[in-house]
Amino acid sequence: MFSRRDALKTIALSTGAFSLALHESVAQVGAEVHKLPTLGYDYDAVEPFIDAETMKLHHDKHHATYVAKLNQAIEKEPSIASRPIEDLLKNLDSVPESVRNDIRNHGGGHYNHCLLWQSLRKKEGDAPSGALAKAIESTFGSQNALEEKLQAVALKVFGSGWAWLTLRDGKLEVEATPNQDCPLSTGSTPLLGIDVWEHAYYLKYQNRRVEYLKAFQQVINWSFVSERFNQFKA
């Protein structure tokens with residue numbers, strides 16, 4: 001079951017209060033600029049599809065490492081400390097070259113995972129709604145067709161990376177990025193990201209990526225994705 005914190009998060013989304021830039025990331029010179037967000041639910045909240053051990057390792061170790069290394073990079077270049085992570089990722093060319101790759105890799109890892117945790121929930125029959133549902137039908141034909149395309153793109157990712165549902169130039173697209181690259185850096189807005197790094201699934205699924213992808217599709221928080229679509233489409 002989801003915690004009270006998750007319920008409060010859902011209320012915040014419904015009032016349009018969501019902002020990833022404010023998701024437990026604090027821009028303060030001389031302090032930890034970015035902080036690891038809480039999951040907002042228990043580690044076992046999306047079992048049996050994604051196991052508690054994987055969620056704990058993924059959040060507490062892997063995501064935490066991205067945050068720590070992102071902060072280390074900002075320590076070297078305090079001039080960028082006040083800039084939101086979205087701004088840095090959208091404008092990598094404006095980031096000092098000495099830390100640009102760190103921002104791309106660790107900043108991308110932080111942003112991508114903040115989005116990932118909020119994109120998961122265990123709710124039977126959850127589906128895209130409202131304007132997003134209409135856009136999916138218009139663009140892909142159906143939700144099933146979209147899910148098939150997401151799976152196909154995710155399976156083609158060589159090594160580590162992500163498969164995304166994005167909003168680019170006002171239209172829905174499915175695309176992939178390698179490593180921790182973020183769609184923000186190429187001009188699109190991520191609505192949903194599927195992590196296909198091995199640490200996201202190997203404990204339970206080993207090398208059976210297709211099984212993991214089918215399981216992931218069962219726990220997508222479509223309410224959250226729909227809210228993001230409404231926010232950025234507007």
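In segment 120-140, which residue that is closer than 28 Å to His58 by Cβ and among the basic types (Lys, Arg) is surrounded by the fewest Cβ atoms within 10 Å (Cβ to Cβ)?
Here is the first cut: in segment 120-140, the residues closer than 28 Å to His58 by Cβ are 120-129, 132, 136.
Filter once more, so that each one left must be among the basic types (Lys, Arg): 121-123.
Details: Arg121: 19, Lys122: 18, Lys123: 14.
Step by step, filter segment 120-140, then rank; the result is Lys123.
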(message) When you check Leu184 against the structure, is it under 19 Å from Thr54 (Cβ atoms) and either assigned by TED's automatic domain parsing to the domain that holds Asp51 or touching a residue at least 40 places away in the same chain (Cβ under 8 Å) (or both), yes or no?
(response) no
(message) Just to confirm my filter: which helices (runs of 4 or more DSSP H) fall fully inside segment 72-123 and include at least 3 residues that are touching a strand residue (DSSP E or B) at 6+ places or on another chain (Cβ under 8 Å) and closer than 14 Å to Leu184 by Cα?
(response) 108-118
(message) I need the full set of residues from segment 37-74 which are buried (at least 18 other Cβ atoms within 10 Å of the Cβ), of a type in the set (Val, Ile, Thr) and farther than 24 Å from Val95 by Cα, in order please.
(response) Val46, Ile50, Thr54
(message) Out of everything in segment 76-117 that is within 20 Å of Thr65 (Cα to Cα) and hydroxyl-bearing (Ser, Thr, Tyr), what residue ends up being surrounded by the fewest Cβ atoms within 10 Å (Cβ to Cβ)?
(response) Ser98
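Output the number of residues of segment 21-36 satisfying the condition of being hydrophobic (A, V, I, L, M, F, W, C), surrounded by fewer than 20 Cβ atoms within 10 Å (Cβ to Cβ), modelled with pLDDT under 95 and not in a helix (DSSP H, G or I). Walk me through how you get there before you give the answer.
Residues of segment 21-36 hydrophobic (A, V, I, L, M, F, W, C): 21-22, 26-27, 29, 31, 33, 36.
Now narrow it down to the ones that are surrounded by fewer than 20 Cβ atoms within 10 Å (Cβ to Cβ): 21-22, 26-27, 29, 31, 36.
The next check asks that each one be modelled with pLDDT under 95; those that pass are 21-22, 26-27, 29, 31.
Retained after the next criterion (residues that are not in a helix (DSSP H, G or I)): 26-27, 29, 31.
Of the residues in that region, 4 qualify.
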(request) Give me a count of the residues in segment 38-64 that are within 16 Å of the chain's Cα centre (by Cα), without any contact (Cβ under 8 Å) to a residue 40 or more places away in the chain and closer than 28 Å to Arg100 by Cα. (result) 3
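The values are calculated or read from the model by the stated rules, or taken from the named source; none is laboratory data. Note that the coordinates shown come from a computational prediction; the quantities given were computed from them, not determined experimentally. Cβ: placed from backbone, ideal geometry, glycine included. Neighbour counts: every protein chain shown.
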